[in-house]
Amino acid sequence: MKKPALTPRTAPADFRSFYWRKDELARFRRRQKLPAAGSKAELAAGIVRFLETGKIPPKKSAGRRSRAMSAMPRELRRDTVMGTGWRCREMLRAFFVREIGPQFHFNQPMRDFVRHGAGRTLQEGIDIWKAAHKVPRGKGICRATGSIR
């Protein structure tokens with residue numbers, strides 16, 4: 001049996017009996033003016049409720065508190081003070097690779113630092129990374145060899 005087009009008149013049982021890609025679910029929800037964010041399971045469950053009731057499903061309660069994210073400056077320096085809600089993004093990673101070396105990665109202490117580091121400087125992040133990798137303070141890691149200098 002060929003998969004039918006997903007429309008507001010699709011029977012919930014028919015919907016459940018076929019495999020739907022996440023992009024198909026999100027596209028249907030957008031066409032119906034429904035929220036299109038969430039996991040594939042959340043999107044599908046909302047569509048089933050919509051097909052059964054014809055009503056827009058209530059918004060899900062956030063499991064995590066959302067935090068307002070302060071903008072990251074264009075230029076990052078060691079004395080840059082971190083804002084609230086910063087994430088482990090490529091711009092921040094590029095800064096740490098430049099300052100620490102190519103062996104830098106967001107390990108657990110660094111992820112914790114970024115997540116809870118509002119008001120702290122990026123130099124403190126460098127110090128945390130070095131401490132986690134047992135690099136003596138004031139020393140650096142040679143970019144070419146990866147050894148302590």
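Structural remarks
- Pick from the range 1-45, criterion at pLDDT 90 or above and acidic (Asp, Glu), ranking: farthest from the chain's Cα centre (by Cα): 24
- Matching residues in the range 79-124 - criterion: being outside any loop (DSSP other than H, G, I, E, B), open to solvent by less than 70 Å² (accessible area, probe 1.4 Å) and in contact (Cβ under 8 Å) with a residue 40 or more places away in the chain: 100, 121, 122, 123
- Residues of the range 15-37 include none that is in contact (Cβ under 8 Å) with a residue 40 or more places away in the chain and among the aliphatic types (A, V, I, L, M).
- Of all residues in the range 68-81, those satisfying the criterion of being aliphatic (A, V, I, L, M) and touching a helix residue (DSSP H, G or I) at 6+ places or on another chain (Cβ under 7 Å) are 72, 76.
- Filter result (crowded, with 17+ Cβ neighbours inside 10 Å and either touching a Pro at 6+ places or on another chain (Cβ under 6 Å) or over 17 Å from residue 15 (Cα atoms) (or both)) within the range 39-49: 46
The values are calculated or read from the model by the stated rules, or taken from the named source; none is laboratory data. Predicted model only: the values in this text are computed from it and were never measured. Backbone-built Cβ (ideal geometry, glycine too); neighbour counts: all protein chains shown. For accessibility, only protein heavy atoms count, side chains too; no ligands or nucleic acids. Shrake-Rupley method; radii C 1.70, N 1.55, O 1.52, S 1.80 Å.
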